[in-house]
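Accompanying notes for the structure given below.
The values are calculated or read from the model by the stated rules, or taken from the named source; none is laboratory data. Note that the coordinates shown come from a computational prediction; the quantities given were computed from them, not determined experimentally. Glycine also receives a Cβ, built like all others from the backbone with ideal geometry; neighbour counts cover every protein chain displayed.
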Amino acid sequence: MTAPPSPRVAGLVLMGGEGSRMGGADKALLDLGGRPILAHALDRFRPQVGTLALSANGDLSRLAAFGLPALPDPPDGPGGPLSGVLAGLAFAEARGALWLATIPGDAAHPPLDLVARLLAAAGEAPAAASTARGVEPLHALWPVAAAMRLRALVGEGVASPKRALERLGAALVPFDDDRGFRDVDTPADLDAARRSLAGS
């Protein structure tokens, strides 16, 4: 069951990298059961947050059908996921949210209780999901109040979300089932996701 949305939490879907192992395709827009992967992810993530946006660069018109604000990276940012998180934190603050929850756009089935569990564990520091595979740094909850500290870390050269979470003292929230965190990095991953959907 999906936890009720919190107006204190804004959501951000990180649309990801260049998809070089997928022939340059936008991984979140690949077909999964007749719908883009992103559509599946939004079905599960949207009910958990009070407001929602996409973090993306390039031609943003490709995302118009989803009806969500699309946030390009700040022009003075370092690029990569942390630029998206910084843009998302500004978006969250402008809407009166205290937290920003993030997921990657190419993981079709984020846990239905992801935000509620991260919110329960977070304090002044962020919280991130962890599984048997390790930390899932793009499935995280970032306090809006930490934006200045995150910006300082980025200025010091920190580019990895995992490293940034560590430096900010993030709480780790264990999830026993890692299926909700599986993203699509290769054609084999996409084939596995399609088989999993067909069997569900």
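At-a-glance table
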| item | result |
| --- | --- |
| Selection status of A107, touching a residue at least 12 places away in the same chain (Cβ under 8 Å) and under 19 Å from R149 (Cα atoms) | no |
| Residue among A64, A97, A108 that alone is surrounded by fewer than 14 Cβ atoms within 10 Å (Cβ to Cβ) and either at pLDDT 95 or above or farther than 19 Å from A152 by Cβ (or both) | A64 |
| Residue within the stretch 33-52 that is among the polar types (S, T, N, Q), touching a Phe, Trp or Tyr at 6+ places or on another chain (Cβ under 9 Å), surrounded by 13 or more Cβ atoms within 10 Å (Cβ to Cβ) and touching a residue at least 40 places away in the same chain (Cβ under 8 Å) present | yes |
| Looking only at the stretch 175-188, and only at residues there that are surrounded by fewer than 16 Cβ atoms within 10 Å (Cβ to Cβ) and under 17 Å from the mean Cα position of the chain (by Cα), the one that is farthest from H40 (Cα to Cα) | D178 |
| Among (1) surrounded by 17 or more Cβ atoms within 10 Å (Cβ to Cβ); (2) at pLDDT below 95; (3) not β-branched (V, I, T), the one test that A127 misses | (2) |
